[in-house]
1. Could you list, in sequence order, the residues of the stretch 70-120 that are acidic (D, E) and under 30 Å from S53 (Cβ atoms)?
2. With (1) modelled with pLDDT of 90 or more; (2) exposed (fewer than 15 other Cβ atoms within 10 Å of the Cβ); (3) of a type in the set (K, R) as the list, and K22 as the residue in question, which single condition is left unmet?
3. Is it true that V3 is surrounded by 10 or more Cβ atoms within 10 Å (Cβ to Cβ) and in a helix (DSSP H, G or I)?
4. Looking at (1) modelled with pLDDT of 90 or more; (2) surrounded by 11 or more Cβ atoms within 10 Å (Cβ to Cβ), which one does F48 not meet, given that it meets all the others?
5. Name the residues in the stretch 25-44 that are within 11 Å of M1 (Cβ to Cβ) and not β-branched (V, I, T), would you?
6. Going by the structure shown, is T75 assigned to a helix (DSSP H, G or I), over 11 Å from A8 (Cβ atoms) and at pLDDT 75 or above?
7. Could you identify the single residue in K85, K102, K32, K24 that is under 29 Å from the mean Cα position of the chain (by Cα) and either free of Cβ contacts under 8 Å to residues at least 12 places away in the same chain or on the phi > 0 side of the Ramachandran plot (or both)?
Amino acid sequence: MKVKFSQAAEVIGVTSRTLLNKVKNGKMSAEKLEGVYFVDVSELARTFDLSESQLNLLTGNKTKQKEISLESARTEIELKHALEKITSLENQLEKYEYREGKLLEIAGSTQKLLENTQENRRKFLGIF
């Protein structure tokens, strides 16, 4: 199946000039009919790393394109939920790290207090 350069360029994400340069450099074949360049989809697939959705757009496979769009929408929703979960977990982690810091401070203070208490007892009892 052959498509116009303009359509192929739009789907692939390059300019028509890029496609023409590929033809002139011998990297891709194309036909010129009445001043309009046409290229076979198989040539585009060989020359460029086309995704399945790009191939479907070029060949006009609307049913497959709708399936891909639906799957893409589902994936986006799953990604959004995953990102929300990550954010929630990061917030929980920050809270736990803060609490851990506070507990370590309390433990340190308690240890110093115990050491001071034992030292004061020794002094009181005359043990050095």
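The values are calculated or read from the model by the stated rules, or taken from the named source; none is laboratory data. What you are looking at is a predicted structure, and each value in this text was computed from that prediction instead of being measured. Counting neighbours? That spans all protein chains shown, and the Cβs are built from the backbone with ideal geometry, glycine included.
1. First pass over the stretch 70-120, keeping only residues acidic (D, E): 71, 76, 78, 84, 90, 94, 97, 100, 105, 115, 119.
Correct list: E71, E76, E78, E84.
2. Only one criterion in (1) modelled with pLDDT of 90 or more; (2) exposed (fewer than 15 other Cβ atoms within 10 Å of the Cβ); (3) of a type in the set (K, R) is unmet by K22, namely (2).
3. Values: surrounded by 10 or more Cβ atoms within 10 Å (Cβ to Cβ): yes; in a helix (DSSP H, G or I): no.
No.
4. So the condition that F48 fails would be (1).
5. The answer is F38, D40, S42, E43, L44.
6. On the way: assigned to a helix (DSSP H, G or I): yes; over 11 Å from A8 (Cβ atoms): yes; at pLDDT 75 or above: yes.
Here the answer is yes, as T75 does meet what is asked.
7. Values: K102 fails: under 29 Å from the mean Cα position of the chain (by Cα); K32 fails: under 29 Å from the mean Cα position of the chain (by Cα); K24 fails: under 29 Å from the mean Cα position of the chain (by Cα).
Just one listed residue meets the conditions, K85.
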